[in-house]
Amino acid sequence: DFFRNHGVGAWIFLAFSDAVMVFFLIYFSLHLRRRVKQSGFTGVAGLMRERYGTNLAAYIYFAGIFLFLIPYVSIQVRGIAIFLNAAFPTFLPYWGWAIMIVFLMLFYSATGGLRAILYADVVQGTILLIIVWLVAIGCIRYFGGVPEMFATIGETHPKLLSVPGPKGLFSIQFLISSALVIMMLPVTQPQLTTRVVIMKNIKSTHMMAFSVGVFAMLVILPTLALGFYGVSKYGDLSTADFLSNMLLNDQTSFMAAATIIGLIAAALSTSDSQIFAMGNEFRSLAGKDVSFWKVKASIYFFAAAALIFSIFSGDELVLLGRLSFAGTSLLGPMIMTAIFSKGKPGIENAVLALVALVIFLIAQAGLMPNKWFGLQVEMVLLVLLAVVAFVSVRVRRGQYAVD
């Protein structure tokens with residue numbers, strides 16, 4: 001649907017951002033694993049407490065990921081609920097499908113644990129990859145081939161083949177700011193950070209980083225054909241009607257059933273990792289002695305918030321995902337300072353991260369401009385946080401040398 005609305009520039013935006021993330025993941029993982037060997041690891045929240053010497057940094061981190069991972073989980077819920085509601089309109093209302101999906105996510109995360117989630121991700125990811133390519137091949141055949149697909153779109157919707165696209169989304173600033181916030185995913189997304197830590201060795205970590213990038217490209221590339229098929233055949237339909245027609249009505253019975261399974265598997269694969277990671281981070285924040293039921297309660301509260309958000313949010317799911325990444329990226333300089341600096345990092349990094357999160361939320365609520373000096377607010381805040389972090393590390397390094 002993102003390709004259907006914004007065109008081929010979506011591929012440039014996604015592919016470039018993911019490539020930057022992969023290279024940064026390789027670099028970041030080396031330093032994170034070194035730090036964990038020195039300090040131990042129960043979660044990022046615990047690491048922030050240990051490095052900054054105060055609970056404040058841990059609370060700021062947890063609050064940030066709690067707030068901004070809600071949109072990311074909710075887009076999985078909303079996406080699959082829209083699809084299932086369109087596929088079976090008389091069975092359950094949209095909100096009923098959303099509740100069912102959240103219940104499945106909670107059950108799946110609570111009963112399996114991390115090992116089960118990792119193994120299931122392999123199976124679910126493979127199912128998703130196969131299904132999306134099979135559907136894409138059918139979409140390409142509709143046009144008669146890849147060259148014919150681009151030729152047809154060029155004649156009927158030429159703006160989809162150029163940037164900034166028909167809605168002017170893909171500017172240079174959007175590309176750079178998106179690359180920055182997506183690059184920060186291994187730093188700020190606890191489910192990724194945990195996987196970096198638990199890898200057997202640095203060679204396995206590098207292979208994991210490379211595989212993440214390859215898998216992302218293989219999943220994203222065929223969706224271009226799905227989007228162009230959609231704009232050519234269902235350009236005037238809503239997201240729900242477009243998805244139901246393309247993925248169900250235009251497929252054989254076997255493929256339609258396989259698509260439903262693939263989409264549910266994909267949504268569960270993403271969300272169960274997030275929910276499990278939130279529970280782990282709450283345990284890391286509260287300490288080893290926290291009761292099992294408090295951890296469960298934190299997970300239920302997070303899932304309920306994601307459910308409510310999914311019911312009232314819009315259908316621009318990719319942009320909602322970017323909003324989530326932009327919010328969590330503001331925690332990046334605070335986390336990186338804790339991991340990269342040799343001495344104790346300055347608490348000013350945590351305080352300013354909190355200020356940046358509040359400003360970003362206010363801007364998203366429309367209570368202040370979302371652009372400063374012609375730049376997206378998250379881009380300005382990221383640069384300011386990075387500069388403060390750099391200066392803080394340099395000044396304190398000089399103090400350590402004197403001491």
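No value in this document is a laboratory result; all are computed from the given coordinates. Nothing here was measured: the structure is a model prediction, and the numbers come from that model. Using ideal geometry, Cβ is built from the backbone for each residue, glycine included, and neighbour counts are taken over all protein chains shown.
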**Request:** Take the chain, compute every pairwise Cα distance, and split them into 10 Å bins from 0; I just need the percent in each bin.
**Result:** 5, 21, 32, 26, 12, 4, 1, 0
**Rg ratio (alpha-carbon, reference 2.2 N^0.38 Å) - the stretch 267-330** = 1.27
**Asked** In nanometres, what is the gap between the two model label sites at Ala297 and Tyr27, each 7 Å from Cα along Cα-to-Cβ?
**Response** 4.3 nm
**Request:** Could you give log10 I(q)/I(0) at q = 0.09, 0.14, 0.15, 0.19 Å⁻¹ for the stretch 252-403, computed by the Debye formula over C-alpha point scatterers of equal weight, without solvent?
**Result:** -0.45, -0.95, -1.04, -1.25
**Message:** Give me the three principal axis extents of the stretch 308-370 from the C-alpha atoms, as integers in angstrom, largest value leading.
**Reply:** 45, 23, 20
**Asked** Listed highest first by mean packing, meaning other Cβ atoms within 10 Å per residue, what order do 188-199, 161-172 come in?
**Response** 188-199, 161-172
**Asked** What nm value, rounded to one decimal, do you get for the distance between Gln38 and Met199 when each label is placed 7 Å out toward the C-beta?
**Response** 2.0 nm
**Complete:** Summing -39500 (n - 2.57) over every DSSP H run of at least 4 residues in the chain and dividing by its residue count gives a helix-only mean residue ellipticity at 222 nm, to the nearest 500 deg cm²/dmol, of -27500 deg cm²/dmol
**Request:** Identify all aspartates and glutamates with a Cα-Cα distance to Lys296 below 15 Å; exclude those on the same chain that are fewer than 8 residues away in sequence.
**Result:** Asp272, Glu281
**Message:** Quick check: the distance between the Cα centres of the stretch 317-366 and the stretch 4-35, to the nearest angstrom?
**Reply:** 18 Å
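On average, how much area does the Cα convex hull of the stretch 185-323 cover when viewed from any direction, in nm²?
11.2 nm²
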**Request:** Pull out a ≥ b ≥ c, the square roots of the eigenvalues of the alpha-carbon gyration tensor of the stretch 1-87, then state rounded if a/c is under 1.5, prolate if not and a/b is larger than b/c, and oblate in the remaining case.
**Result:** oblate
**Asked** Where the centroid of each part is defined by its Cα atoms, how far is the stretch 52-88 from the stretch 221-275 in Å?
**Response** 22 Å
**Complete:** For the pair Leu56 and Ala151, the simple spin-label estimate (label points 7 Å beyond Cα toward Cβ) gives in nm 6.6 nm
**Message:** Which order do the peptides 25-32, 372-379, 291-298 come out in when sorted by mean C-beta neighbours inside 10 angstrom, highest first?
**Reply:** 25-32, 372-379, 291-298
**Request:** Give, in nm to one decimal, the length gained when the segment between Lys288 and Ile12 is fully stretched (0.36 nm per residue of separation minus the Cα-Cα distance).
**Result:** 94.9 nm
**Cross-link pairs beyond the 20 Å C-alpha cut-off, checked among Lys37/Lys344; Lys167/Lys371; Lys159/Lys233; Lys288/Lys344** = Lys288/Lys344
**Fill in**
On the formula 1/(1 + (r/R0)^6), with r taken between the Cβ atoms of Phe66 and Phe107 and R0 of 22 Å, the FRET efficiency rounded to 0.05 is 0.55
**Request:** Report the calculated FRET efficiency for Val391 and Ile308 (r = Cβ-Cβ distance, R0 = 51 Å), to the nearest 0.05.
**Result:** 0.80
